[in-house]
Amino acid sequence: MTTLLEAPALLEATALLEATDLVRSHREGETVTTVLDGVSLTVNRGEFVAVMGPSGSGKSTLLHCVSGVDQPTSGTVRLAGVDLDGLDDDGRTRLRGERLGFVFQDPHLLEALTVLDNILLPSALQADGGGDQLRTRALELMEVTGLAGLAERGVNEISGGQKQRASLCRALLGHPDLLFGDEPTAALNSAASAEVVELLQHFNAEGMTMVVVTHDARVAARATRVLFLADGRVVDEHRLDHGTDAAAREQQVRLAMAALGV
Amino acid sequence: MIRTLVRKSLAKHRLVSVLLAGFMVLAAALVTSALMLTVALIGSVDRFMEQAHTPHYLQMHTGPLDRARLEAFVRQHPEVVAHEDIALLNVENSTLSFNGTPLDGEMQQTGLAVQPTTMDFLLSEAGEVIRPQRGEIWVPQYYRDKYDLGVGQTVTVALPDGPLELTIAGAFRDSQMNSALASSKRLLVSDDDYATVRSALGVEPEHLLSFRFTDPGQAGPFEAAWHAAGLEANGPSLNWSMFRVVNSLNDAITAFLFTVMAFVIVLIAALCIRYTLLTTLEEDLGDIGVMRALGVRQRHVRSIYLTKYQVLLGAGSVVGFLLALVLRGPLLAGVRRQMGTVNAPVMGALAGAVGVLVLHLVVTGYVRRVMRNLRRIAPLEAMRGRSGLVTSRRRPRPVLGGRTGMAVVSRLALANIRRSRGQHLTLVVMAMLITVVLLVPFRFGSTFRSPDFVTHMGIGNYDLMVGLLNRDDALPVGSTIRATLADDPRVSRVEVFSLEVETVRTPDGRVAPLRIDYGDPAAFPLRHSQGRAPSTPSEISLSTLNAERLGVTVGDEILILDDGGEAPMTVVGTYQDITNGGKTSKAMVGPTTSSTPGSAMVTIALTPGADPGEVSRTIIDAVPGVQVLEATNFVSQMLGGLISVMDALAWLCSVVAVAIAALIAGLSVRLMQVQERAANALQTALGFTTAHLRRQYLVRVLATTVLGVVLGVVLAWPVGMVVAGAIFGTVGVSGVGLVFSPLTTVLGCLIVVASVALVTWSSTGRGSTRGLVDRLRT
């Protein structure tokens, strides 16, 4: 595979994301539900952190809070050197556009645009000129992710797996500091899921820092670290030894999941 | 359960619910009013004209009358059941004053009359034939309303041996002359007072030779026979159907306008319903999905929404109908006052009820139609928040190319327009219609006001006019005026026209009277609908009505019969005319002898900046007693009512149009936002700020609005022509091009675009990340 990511000093052990004592609660009438209850998380450059846990454990909420999509009720998030608390809504939106990449469970591609335009959209918005280079790079990413020849297709003309790979290209095109994935394989069949998993690991190997929420042990097995959440708290954490093969790591994750009842 | 859901839904969309019900109230009230007015008019006009014994045929004539020949002619026509020579003693308006205010500026010719004996009765508002006492005077409703006259006030007639003061005893209903479109008005006095004025002024009355037949339809053949026999006809002729039109015109126009307005409001309501219904369906998708998944049948889900609209629209219909019933008093007051009675009030209300029922069924039928969309919603997709209501099988085109920055936002907006073409087309059509509604009425105002307009009506483009009617010294007085103004620097042109009634023979051998205005037609040129103005003494142009009456067209030849001689004249043009009953003609030089009393008209053009009032005083100083009319007054008196109605209509239309533009823009942006919640959430997650999203909606709404406005400006032209034909036709004018006012057009368009932009801007400002998390989870 071609190396497309150009992040400098990838393996410096500097903290890219620092979240401290995050609490996220919702009030409905008199009832207050606490979804995150004092979670702290640090992600260094080049890391691939998988977040696991049963439904309702607060995985997605944690991801939304640390990526600036949602705001914690209390606690602080420092992302790529920027304190999210000091940013307003538009400031956080700009930060997401300029510094972060997202892959969701649903690829959320816009039907009004072709596959290529969907991939180009966020990066072209943030760019100031250099559109042609972006386009070239997007086509290269499509090549790498097996989407060659689909650039001019409509979103409804490609498969679910292809859509998710397109959304991965979209997330990576702008050289984000950090890629967030929210159940990126949950809606895919096993073949498509395996392709996406391969790609995630590939880009992480190229230096892309990732935080991925998942139920899938195969995805987590590609991570460098796995965090387990239950009832809004971090209840366990495992570093995976990439010296062992993928099957062994997957086994390690499954054992941890079983121990926690996930 | 349905009731609870309906109540909740009404409360949730309170503003739109109130608006929709309001539209329905208005539409129902207008439909009911229009139908009640129509039913009231249909019978009342005929009944009133029967009550007043309105003549079936009327020939006006000024000058000597051979009564024996007239009686002999009538004896040969058994269809005549009654006839009467009704006298109208025309007096100069300057000799009349109401409560001390002279009637100088009045355009209507005013005459004194006594109550006829067999027909054309002047009726009190209670329907009685009025018999005025000596010293009493009755005024027509037209003057009563125009000059705010009341019982006990005075009308003074200036006579050579002192003024005659008459006390107003009331207002009468005149089935012949009450309309503003009739050029004369009569005042009803006692026989004694009539005789006093006649002998004091020494004038001969005008003859209103009136006839009633076994059937009003016999007026046509009778008129032909009358002219063929060469009977007196120095004046216009009118018939029963013309009186009928004139008597019902104002109310008929009102009923027509109400119907048109109701139609427009129903259209707007339908658009609003479409937007709100689709928005509601999108918003309630989750609930609909759950209901469907739990086994609630589609029919039941539909009935929840249908019930809501039936309640809303039904309530609106009933309230609108009742409102019209409550307000019917003032609406029908005009009919009642002029016609005496209102025909079948119960029938009117019934017709209104049927009209409202039809309206209700049409609108609820439309709701059912929109509700068919529900069939396309699959339960599972609905639960996941996807309606499938906006789908496009069209393959998207690449739009971004190498563009970056803000250009990306605009290109994305254009891609969205392409994707949901139908939705944006609705906005284009809306903007187009609104622009037409905004521009056309204003163009009418500009057209009426343009100095050119009167030239379509048989009136030259002059500033002052002196009418010298039925006086022996008409031409000498005309010459005096011309001489007085010859060297006046304030005057640029003076022309004296000699108005003569000639006898002509048509190509098919018929002999008929024809009024010819002799003078230089090039001095104050008229618009000719066909051909041109005469340029040699052997040429003549005819008013359209005269051309029709004589059966001639451009290129034909008519003969002027003069003391045994025949002078051929070639018809070189025809023009529209509203003066003298529409029956005039123009030629360059006239014969010097005429058997009829002389009439003349002096028309004067002023140099820029000259004061018409001062020039008028100069004329009156030179020839005391003449009446000088200013052209602006002339037009405003003749068309003033129509102009003010059009002005009011134009402003009303523009306010309503802009409000609707804003409303529809707001509703459609709301629908788009609801339908595109997921796409907007995604864009926000990917770095699109509120300003980016807002810019997309602005581009989409403005691109479609601007396109619609441009199309509207183009469409306003043919639509204006059609409406102009209908409206100007009521005053006998055709072929008028609407005046295009660039300023009004540009301003109107800008206001539409600006209001739409403002609404779009303000409704896309907040909550870009509201529900973002929920949207991203699906």
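The values are calculated or read from the model by the stated rules, or taken from the named source; none is laboratory data. Predicted model only: the values in this text are computed from it and were never measured. Virtual Cβ from ideal backbone geometry, glycine too; neighbours counted across all protein chains shown. Surface accessibility is based on the protein's heavy atoms, side chains included, excluding ligands, DNA and RNA. Shrake-Rupley method; radii C 1.70, N 1.55, O 1.52, S 1.80 Å.
So here's what we get for this one:
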quantity: Accessible surface of chain B, 1.4 Å probe, proportion on carbon and sulfur as whole %; calculated: 62 percent
quantity: Rounded Å value of the spacing that divides the Cα centres of the range A:125-140 and the range B:681-708; calculated: 22 Å
quantity: Per-pair calculated FRET efficiency, R0 = 30 Å: B:Glu128 and B:Ala333 via Cβ, rounded to 0.05; calculated: 0.95
quantity: Counting DSSP beta bridges with both ends in the range B:80-213, the antiparallel % (nearest 5); calculated: 70 percent
quantity: Total accessible surface hidden between A and B, rounded to 100 Å², 1.4 Å probe; calculated: 3300 Å²
quantity: Student exercise, the range B:464-609 dipole from Lys, Arg, Asp, Glu Cβ charges, in Debye to nearest 20; calculated: 440 debye
quantity: Among beta bridges that DSSP assigns inside chain B, antiparallel share in %, nearest 5; calculated: 80 percent
quantity: Electrostatic dipole magnitude of chain B [Cβ: Lys, Arg +1; Asp, Glu -1; Cα centre; debye, to 20]; calculated: 8920 debye
quantity: Cα centroid separation, the range B:342-372 to the range B:65-109 (Å); calculated: 48 Å
quantity: Other-chain or far-sequence residues with amide H under 5 Å of A:Val51's (modelled H); calculated: A:Val212, A:Val213, A:Thr214, A:Leu227
quantity: Kyte-Doolittle mean at least 0.5, axial Cα span of 30 Å or more - DSSP H helices of chain B; calculated: B:14-51, B:240-283, B:298-326, B:345-371, B:421-449, B:631-675, B:690-730, B:742-763
quantity: Theoretical ellipticity at 222 nm over chain B - DSSP helices of four or more residues, -39500 (n - 2.57) apiece, nearest 500; calculated: -18000 deg cm²/dmol
quantity: Accessible surface, per residue, of the range B:464-609 when the full set of protein chains is kept, probe 1.4 Å, Å²; calculated: 42 Å²
quantity: Net charge of Cβ neighbours under 13 Å - reference B:Glu630; Lys, Arg +1; Asp, Glu -1; calculated: -4
quantity: Dipole of the range B:464-609 [Lys/Arg +1, Asp/Glu -1 at C-beta], most positive-end residue of B:Leu514, B:His528, B:Val572; calculated: B:His528
quantity: Accessible area expressed per residue, the range A:202-262, with surrounding protein chains retained (probe 1.4 Å, Å²); calculated: 43 Å²
quantity: Centre separation in Å (Cα based) which lies between the range A:41-99 and the range A:195-232; calculated: 16 Å
quantity: Rounded to the nearest 20 debye, dipole of the protein assembly as shown from Cβ charges on Lys, Arg, Asp, Glu; calculated: 5260 debye
quantity: The range B:77-127 - accessible surface per residue (Å², probe 1.4 Å); calculated: 34 Å²
quantity: Count of lysine pairs in the protein assembly as shown with Cα separation under 23 Å (8 or more residues apart, or interchain); calculated: 4
quantity: Proximal charge balance of B:Thr196 [Cβ under 15 Å; K/R count +1, D/E count -1]; calculated: -4
quantity: Selected from B:Pro742, B:Ala431, B:Ala353, residue furthest toward positive end of dipole (chain B; charges at beta carbon); calculated: B:Ala431
quantity: Total formal charge among the other residues, if their Cβ is under 15 angstrom from that of B:Leu361, Lys/Arg +1 and Asp/Glu -1; calculated: +2
